[in-house]
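Input: a single structure, listed below in structure tokens.
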Amino acid sequence: MQADAELLEMVRRGEPAGASALFERYSGPILRFTTRMLGNETEAEEITQDVFLKMISRVEQYDGRAAVSSWLFAIAANACRDRFRSKAYRGSIPLDAISESADPHEDAESVLLGDERRRLVRKALNTLSDEQREALILARYHGLPYSEIARTLSISEGAVKTRIFRAMETLKGVFSQGGRSCRAAI
């Protein structure tokens, strides 16, 4: 398997195979991120495609200081922020639009409980500021270390820690009102 930097170098040289390989590798994670950010899968698919078009058209802007994946997540985060700003998007996020597949080996009761828990988590995530939500999603759902999140969002590591701490405090408050544990749900 080729390294991301090698694939991006192929993109720089105009070789479609590099862009295709990066799309195959990162389109799923970027789509999950944008779907969680926007709460609308159709909009998220559009932004995900735009991320890879921007990767191709702006390949010369990549300076190698961060991982290629961080650069792609940064493009996606900026595109989500632009979408929020351009449409006053915040008030119209249909959280039920996020689809998550159930394990086919689970019984019906487990599936229903899992669906309910995911619905509650989506609703709770919507109570966070955009900045808190994007940092938390990158950390919890995509497993990025704080240093990578900081580079992705162009903020300090301390700011990442603060955003995630405040997000968790907000979520604890949301879940304690309903008698549920935040850490178990997220």
Problem set entry | Sequence of Met10, Met55 once ranked by neighbouring C-beta atoms within 10 Å, starting from the fewest | Met10, Met55
Seminar exercise, completed: region 127-159 scanned against label point 7 Å out from Leu120 along Cα→C-beta; backbone N under 16 Å for 127
Exercise. If we count other beta carbons within 10 Å of each Cβ, what is the order of Phe33, Phe165, Phe23, fewest first?
Worked result: Phe165, Phe23, Phe33
For this session: Treat the count of other C-beta atoms within 10 Å as a stand-in for reagent exposure and order Arg151, Arg13, Arg117 from fewest to most.
Result: Arg13, Arg117, Arg151
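Laboratory data are not the source of any read-out in this text; all were calculated from the coordinates shown. None of these values were measured; they are calculated from a predicted model. Please note: Cβ atoms are built from the backbone with ideal geometry, for glycine as well, and neighbour counts cover all protein chains shown.
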